[in-house]
Amino acid sequence: MRAGGDVAAALGEYDRRRRPRAQGVARAALRTGRFGQQLRNPLAIALRNAAMRLTPHRVALRSMASQADWTP
């Protein structure tokens, strides 16, 4: 923002630009939490753990790339 610029307009533009990515990160965190932390059934937990062990590292890393590969 330039000196003397409209602060409210600058904040609105900042929010418009960051909101889609921030919401995507929040949705990904919610999905991860549901899958990773909220399970209570021992069978579901065993299946989750087996799936995590069997998931190739490349696949896991690729799923995180959209969050990590970001340039402001």
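Taking a Cβ cut-off of under 14 Å around Q38, the surrounding Lys, Arg, Asp and Glu residues balance to a net charge of +4, with basic ones at +1 and acidic ones at -1. Toward the positive end of the charge dipole of the chain, with +1 on the Cβ of Lys and Arg and -1 on the Cβ of Asp and Glu, the farthest Cα among T32, G12, N49 is that of N49.
Taking a Cβ cut-off of under 12 Å around R48, the surrounding Lys, Arg, Asp and Glu residues balance to a net charge of +3, with basic ones at +1 and acidic ones at -1. Please state the shape class of the stretch 7-68: rounded when a/c is under 1.5, otherwise prolate if a/b exceeds b/c and oblate if not, all from the C-alpha gyration tensor. It is oblate, given that a/c is not under 1.5 and a/b is not larger than b/c. For the chain, the longest principal axis of the alpha carbon atoms and the long axis of helix 57-68 meet at an angle near 20°. Near T71, once Lys and Arg are set to +1 and Asp and Glu to -1 for all other residues with Cβ below 15 Å from its Cβ, the sum equals +2.
FYI, it's all coordinate maths here, none of it is from the lab. Just so it is clear, the structure is predicted and the values come from calculations on it, not from any experiment. Note that we place each Cβ from the backbone using ideal geometry, even for glycine, and neighbour counts take in every protein chain shown.
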